[in-house]
Amino acid sequence: MTMENENFFSYLKKIRKSKILFFVFIIISAMTALLVYFNQDSWILLNCTLGKNSNSCVYKFERLYLLPITIFLLLNVCLFTDEIFKFLKLMSIKLENLETKKSAHFLISFSVVFSLLLFYYRFSFFIIDPTRVFWIKSLGTDSLQNFLGWHVFRNSPWDFPFGVMQNINYPIGTSVGYSDSVPFLAFLFKLFTNFLPEYFQYFGIWVFSCYILQGFFAAQIFKNFKCSMKLKLLAVPFLIMSTVLLDRFGHLALNCHWMILASFFLYFSKEISVKRKTKWQTLIVIFSSWVHPYITFLMFALQTALFIKLYIENKKYLKELLSYFLMSLFLVFSSWYLIGYFYLDGGNDPKNVLFSINLNTLFNPFEKSKLMQPLGAGPRHYEGFAYLGVGLLIILIVLLFEKWEEKKYVFIKENKPLIWILAILTCLSLSYEIKFGTLTIINTPIPEVLESFYGVYRSVGRFIWPTYYFIVIFILLSLLMRERSLIKKCTLLLIALLLQFIDIYPLYKPVNLNYKNDFNIERNLAPWLHFMAGNKNKIIFYPNRQYSYIDFWMLASKYHYSVNIGYFARNNSEKILENDANTYQNIINGKIPNDTIYVVLNENIKVFEVSSYKDNFICENIQEFYACKNKN
């Protein structure tokens, strides 16, 4: 400790010991806080009243009260800087002296607590409450589809395959898998639906579990590397606060990036036996099939990399590896069949392969950065978002300007299978149109061999996720294992982490959610129930388009009606057109089925008026629609 620091710390001790000086310091701190309060009050008066509404006005409470209180507390904490330094020094010594097993437990505990705090900061624990459902509605189209798919599924009769629902997308039907409702949880809670409240959601606990497991496996990856515990503690937040995870909250089922980290942990670990690695990776693949098909494909890819690595290391495991791989294939496809993923024929459409990555994806923040401006990209490249963040980019730049050591930790022979698999995934994520910014570099027809694949997996930009995590691990390990002083490495990591926190704040800032318990159906359903009175139980919209379907799904779920509209991950466009043609013919020929009402928008009333049998119909204007049914 230098003489200057000793003098500074001695002044702090004098202030604390002297009642007069301590009182004066408190008064100065309070006055400073008051000045901040009046400053913020003036700012709010200037920017948030008289019709003005700055973007920061949503944080009026924080600016007016939390900011002054925080400044007051921080000023008083400064009085104890010397004690804080002593405590940190003592903790640093204790951390380095921890036994290997205890240090691993400490790292895991730290990561899990960090994940828990991140979850709480973004969403609060209210979303874990299964009776609070309205927050899902405020997230947007995709998450709303997830909840509605589950809500309809729980009130639908069991069918075969078990995940099929016949009463939406009628008469084609659909699967709970095509509403991305995390099928394994949908199946589980459907068994107890009679004991659950009217509105019930499991997506909050699902996202919470994903965040906790993200922290757990981030720690698992770093725990066995031989470097300072302080470096590991500074490294794991980069994986926990992964930009590709934080960007995925709207797609609730796709928050399970912990499976990617778990697969990397199994691949890199030298402590786990071959048999256990094989079994655990197979279980991850099978489990992923009950979550989301995109995750399953990535898990299959990482399983392939692991199995090739294990085979190269010891060829005697070939038979066992093949049997586990074939078992994975059989159980995954069996699971998909039971969920109903094969229920829709003709659900593939290669022409829609537009959701790919841009070549600048690792350093393009897409307006989700505080420190960097967005770069050019195509309109559908958002699915390939994989921004590293300023912190990681700074570490990478520093490493690039240094001499690389001969000893490698990532690009080694045993990692070649993983690198090749990641290279294939990256190529697939580029799709057939490769762009750097807005500049098209390659635009070729879809290779015939990939037509069916791209028809199933349209958002191929998601395949960049494992490569993103690999690059993050590579950057961090290259710094952690480098031969340079611990202080320099800690300083660089700390600066990078702070910059990362600032830079990606738009991705983890608190989500403005409504935590009400009810779902709040906006449409007045009474006119519909009145018009459906009697034996009517099917609502057919013509033509079948993505009308505002939410309230009609709720109506169908509660009263066991069938409707033909909705928003689905996949559908059969040929059958939809065929059904529309049949509906039109029924209207023209005056043959509306007795259990059905036909509905058009008010501007399409002429469809009924041109029918020679229009006198056979009873029609009524209901809100923005015109509904008709047979008189009999």
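The values are calculated or read from the model by the stated rules, or taken from the named source; none is laboratory data. Model, not experiment: these values are computed from the prediction. Don't worry about glycine lacking a Cβ; one is built from the backbone with ideal geometry, like all the others, and counts go over all protein chains shown. Quick note on the areas: whole protein, heavy atoms, side chains included, nothing else; ligands and nucleic acids left out. Shrake-Rupley method; radii C 1.70, N 1.55, O 1.52, S 1.80 Å.
What to note about this one:
- Among residues of the stretch 272-299 being assigned to a helix (DSSP H, G or I) and touching a residue at least 60 places away in the same chain (Cβ under 8 Å), the one that is least open to solvent (accessible area, probe 1.4 Å) is 298.
- The condition of being of a type in the set (Ser, Thr, Tyr), part of a helix (DSSP H, G or I) and under 24 Å from the mean Cα position of the chain (by Cα) does not hold for residue 181.
- Scoring residue 49 on the criteria (1) assigned to a helix (DSSP H, G or I); (2) at pLDDT below 80; (3) open to solvent by less than 70 Å² (accessible area, probe 1.4 Å) leaves a single failure, condition (1).
- Flag if residue 521 is among the β-branched types (Val, Ile, Thr), assigned to a helix (DSSP H, G or I) and surrounded by fewer than 19 Cβ atoms within 10 Å (Cβ to Cβ): no
- Contacts under 6 angstrom Cβ, first residue in the stretch 137-159 being of a type in the set (Val, Ile, Thr), partner open to solvent by less than 10 Å² (accessible area, probe 1.4 Å), 6 or more apart: 152/165; 152/168; 152/553; 152/557
- Failed condition for residue 503, given (1) open to solvent by 10 Å² or more (accessible area, probe 1.4 Å); (2) closer than 30 Å to residue 236 by Cα; (3) touching a Ser or Thr at 6+ places or on another chain (Cβ under 8 Å): (1)
- Cβ-Cβ under 6 Å pairs, at least 6 apart or on other chains, the stretch 305-326 side more than 18 Å from residue 268 (Cα to Cα), far side in a helix (DSSP H, G or I) and open to solvent by 50 Å² or more (accessible area, probe 1.4 Å): 318/311
Every residue, every condition in (1) out of contact with any strand residue (DSSP E or B) (no Cβ under 6 Å at 6 or more places or on another chain); (2) open to solvent by 10 Å² or more (accessible area, probe 1.4 Å); (3) not in a helix (DSSP H, G or I), yes or no:
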position: 469; (1), (2), (3): yes, no, no
position: 474; (1), (2), (3): yes, yes, no
position: 484; (1), (2), (3): yes, yes, yes
position: 494; (1), (2), (3): yes, yes, no
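- Residue in the stretch 416-423 that is within 23 Å of residue 240 (Cβ to Cβ), open to solvent by less than 20 Å² (accessible area, probe 1.4 Å), modelled with pLDDT under 90 and of a type in the set (A, V, I, L, M, F, W, C) present: no
- Residue 578 meets the stated requirement of being charged (D, E, K, R), over 35 Å from the mean Cα position of the chain (by Cα) and surrounded by fewer than 19 Cβ atoms within 10 Å (Cβ to Cβ).
- Hey, residue 77 modelled with pLDDT of 90 or more, open to solvent by 40 Å² or more (accessible area, probe 1.4 Å) and either touching a helix residue (DSSP H, G or I) at 6+ places or on another chain (Cβ under 9 Å) or not in a helix (DSSP H, G or I) (or both) or not: no
- Qualifying position, being farther than 16 Å from residue 209 by Cβ, of a type in the set (Gly, Ala, Ser) and within 18 Å of the chain's Cα centre (by Cα), among 143, 103: 143
- Qualifying positions in the stretch 530-546 - of a type outside the set (Ser, Thr, Tyr) and surrounded by 14 or more Cβ atoms within 10 Å (Cβ to Cβ): 531, 532, 536, 537, 538, 539, 540, 541, 543, 544
- Residue in the stretch 133-140 that is small (Gly, Ala, Ser) and surrounded by 19 or more Cβ atoms within 10 Å (Cβ to Cβ) present: no
- Given (1) over 23 Å from the mean Cα position of the chain (by Cα); (2) in contact (Cβ under 8 Å) with a residue 40 or more places away in the chain, index of the condition residue 442 fails: (2)
- Checking each residue in the stretch 564-585 for being farther than 19 Å from residue 137 by Cβ and touching a Leu at 6+ places or on another chain (Cβ under 9 Å) picks out 570, 571, 572, 575.
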